Amino acid sequence: MTADIKQKQQSKYSFEQTTGMILAGLILVFVIVGLFYTPYDPDAINAALKNHPPTLLHPFGTDYLGRDILSRVMVGTKATFFISLLTVLIGGGIGTIIGAVTGYLGGFIDELLMRINDGVTAFPSILLALILVGVIGPGKYNIILALSIIFIPSFARIMRSEFLVQRELDYVRNAKLMGAGIFRIIFVHILPNTKNVLLPAFAIGFNNAVLAEAGMSYLSLGVQPPDASLGRMLSESQSYLLGAPWLAIIPGIVIIVMVLGFGLLGRTWGSN
Amino acid sequence: MKFFIRRFFTLIITLFFVALLTFLAFEIIPGDAALTRLGIDAEQADIEALREQLGLNQTVLYRFFRFILGAVCGDFGVSIQYKVPVIQLMSERLPVTIWLAGLSMLLILLVSLPLSLVGIESKNGKLHRIITFSNQIIMAVPPFFLGMLFSLIFGIWMKLFVPGSYPGTEMFGKFLRYMIFPAIAVALPKIAMTVNFMQSSVLAQMKQDYVRTAKSKGNSRKRILFHHVLKNALIPSVTFFAMTAADVLAGSIVVEQVFNLPGIGRMLITAISYRDFPVVEAAVLYIAVVVILINFFVDLAYQKLDPRIQITD
């Protein structure tokens, strides 16, 4: 009987779910392997092999300094992945706490924060990131800081509206009657019930972070050389579009696979 | 009218706060503006003179009002990097950004509205699913990578334009032919997003009671779609277009870099790297004001379109 149900659930995976899992899985494999092993030293310069097209030894070719692109893409994917992950965890975490507390308590602070929120969310994230980096200066850690700050309002807004609904439900009243404290109600009772909203929000946030990080690094405001990042590789490749288009196409495709994979996964989390 | 006055009041307050934040942000940056401008080797007397000239010896409040007054009159000071008034730099670069963002917006409106009606008739059909899935893929492409792909495909392989050689505004035909490629690069992901949004908006309306009423009165599906549903589905799209307009502005700033366009975006990015603060300050303030104004006008349009929205909120 239980096996039967399992069978049914498994066949329920739609085309989009399957694609999302495969693509996101590919990126994860890339990131995890890149933590321990790259085929070549990603920063090793080889003057004899400048802008070499893909071969068996260098499956993605080499760049304008003869560096192995596969190794650089692995390191770059790792950088983009962890910057985006940290960003969405920090920004999303703080945003969730603010939204949860203000949504549950309401009152003047709630009203004030939401007005500020309205103002901030009107701006596209890359624009805000540019403005913040304009103030605090470029660099890897500044990008994490800038992007985290930017993600706080959208998470706060989503969580607030969730908590506004949940706080009126019976199970919350029950918990209150049982004498549970505010923080216990917010984080132990309500928060797990918002996962259908929270998980897709984190997936979308992650995607926006990937796109914003790639954009900022492309504009040389994010990860600084010689460190590899997907956005940086794209901007470095631009002068060699004519002779070595694979320099641009490969990191670009990795960005697309990353955003598409986690985007499709996020959509499935939302619909369940 | 009451709605308008309320909104206008909020607009003024928002603008004031944006100006205050911009001013404060550049106030807390460590370092002395006079010292930055003259270099570390400068004579103490020169630094003092420049401090006096820039008004750095005055109180913060005085400088803030000078900043506001300057911003209103279009005086943002002098660029550290180019040694010319910031307003001159801005007025040279503004048209390029306006053209790029305007062209992209036009493309989005022209393409996405008809496209969102394709396949909507069969909401679970193959065509609808294909469109939704390809939208997902297009949305995952960063606009600057799209720009690079265009440079490669249309510029290098098909030789429709020379990548990186912005022709200037004098020859309008050439200018437009060059600008169309960055405009498409900015517009394409937004078109995908808009089509997705419009389709779900139309499908949501299709479930409403008035559609059933119209159907029971013997209206054809097509007539219901065009005469009843579309009008209502467009209302939430208005806010969506405001977001898109802001996104297009952001996209233009990055794509300017790909196509070597001398617009506000490139000016801002060079200024950030050079720590050319008067320029950064002006560009930031300008972009913020544009985004706020777009939202203001969309709010007004929204209320005109949907009389159900009252001033209560």
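The values are calculated or read from the model by the stated rules, or taken from the named source; none is laboratory data. Values in this document were obtained by computation on a predicted structure and should not be read as measured data. Neighbour counts run over all protein chains shown; Cβ positions are idealised from the backbone, glycine included.
Given the options A:Met233, A:Met159, name the one that is in contact (Cβ under 8 Å) with a residue 60 or more places away in the chain and within 14 Å of chain B (Cβ to nearest Cβ).
Just one listed residue meets the conditions, A:Met233.
Determine which member of the set B:Ile131, B:Ile180 is under 20 Å from A:Val259 (Cα atoms) and out of contact with any strand residue (DSSP E or B) (no Cβ under 8 Å at 6 or more places or on another chain).
The unique qualifying residue is B:Ile131.
For the range A:238-249, name all the residues that are more than 8 Å from chain B (Cβ to nearest Cβ) and surrounded by 22 or more Cβ atoms within 10 Å (Cβ to Cβ).
Passing the criteria: only A:Leu247.
Answer yes or no: is there a residue in the range B:183-199 that is free of Cβ contacts under 8 Å to residues at least 60 places away in the same chain and surrounded by fewer than 18 Cβ atoms within 10 Å (Cβ to Cβ).
No, every residue in the range B:183-199 fails to be free of Cβ contacts under 8 Å to residues at least 60 places away in the same chain and surrounded by fewer than 18 Cβ atoms within 10 Å (Cβ to Cβ).
Cβ contacts < 9 Å: first residue free of Cβ contacts under 8 Å to residues at least 12 places away in the same chain, restricted to the range A:34-50; second residue outside any loop (DSSP other than H, G, I, E, B), any location; separation 6+ or different chain. Result?
A:Tyr37/A:Met74
Is it true that A:Tyr171 is within 14 Å of another protein chain (Cβ to nearest Cβ) and either of a type in the set (Ser, Thr, Tyr) or over 30 Å from B:Val279 (Cα atoms) (or both)?
So A:Tyr171 does not fit the description; no.
Filter the range B:59-84 for residues that are surrounded by 13 or more Cβ atoms within 10 Å (Cβ to Cβ) and polar (S, T, N, Q) and give the result.
Selection gives B:Ser79, B:Gln81.
Could you pull out the residue among A:Ile98, A:Ile90, A:Ile109 that is over 21 Å from A:Pro200 (Cβ atoms) and out of contact with any Cys (no Cβ under 9 Å at 6 or more places or on another chain)?
A:Ile109
For the list (1) away from every other protein chain (no Cβ under 14 Å); (2) in contact with a helix residue (DSSP H, G or I) (Cβ under 9 Å, 6 or more places away or on another chain), I need the number of the one condition that A:Phe108 fails.
If we test A:Phe108 against (1) away from every other protein chain (no Cβ under 14 Å); (2) in contact with a helix residue (DSSP H, G or I) (Cβ under 9 Å, 6 or more places away or on another chain), just (2) comes out false.
I need the full set of residues from the range B:271-297 which are over 24 Å from B:Val72 (Cβ atoms) and more than 10 Å from chain A (Cβ to nearest Cβ), in order please.
B:Tyr274
Scanning the range A:72-105 for residues that are more than 12 Å from every other protein chain (Cβ to nearest Cβ) and among the hydroxyl-bearing types (Ser, Thr, Tyr), which turns out nearest to A:Leu28 (Cα to Cα)?
A:Thr77
Does B:Met267 satisfy the condition of being at the interface with chain A (Cβ under 10 Å from one of its Cβ atoms) and within 17 Å of the chain's Cα centre (by Cα)?
Criteria not met by B:Met267.
When A:Gly91 is evaluated against the numbered criteria (1) crowded, with 20+ Cβ neighbours inside 10 Å; (2) modelled with pLDDT of 90 or more; (3) closer than 19 Å to A:Leu230 by Cα; (4) in contact with a Phe, Trp or Tyr (Cβ under 8 Å, 6 or more places away or on another chain), which criterion, by number, is the only one it fails?
Failing condition for A:Gly91: (3).
I'd like the residue in the range A:118-145 that is in contact (Cβ under 8 Å) with a residue 60 or more places away in the chain and outside any loop (DSSP other than H, G, I, E, B) and, out of all such residues, is farthest from the other protein chains (Cβ to nearest Cβ).
By that ranking, first place goes to A:Ile144.
Among the residues of the range B:160-187, how many are assigned to a helix (DSSP H, G or I), away from every other protein chain (no Cβ under 13 Å) and among the hydrophobic types (A, V, I, L, M, F, W, C)?
Final tally of qualifying residues: 9.
Tell me which of these A:Val210 doesn't satisfy, since it passes every other one: (1) farther than 30 Å from B:Pro189 by Cβ; (2) touching a residue at least 40 places away in the same chain (Cβ under 8 Å).
Every condition holds for A:Val210 apart from (1).
Within the range A:51-63, can one find any residue that is assigned to a helix (DSSP H, G or I) and surrounded by 15 or more Cβ atoms within 10 Å (Cβ to Cβ)?
Among the residues of the range A:51-63, not one is assigned to a helix (DSSP H, G or I) and surrounded by 15 or more Cβ atoms within 10 Å (Cβ to Cβ), which makes the answer no.
Could you list all residues from the range A:204-232 that are among the small types (Gly, Ala, Ser) and either farther than 15 Å from A:Val88 by Cβ or surrounded by fewer than 22 Cβ atoms within 10 Å (Cβ to Cβ) (or both)?
Within the range A:204-232, A:Gly215, A:Ser217, A:Ser220, A:Gly222, A:Ala228, A:Ser229, A:Gly231 qualify.
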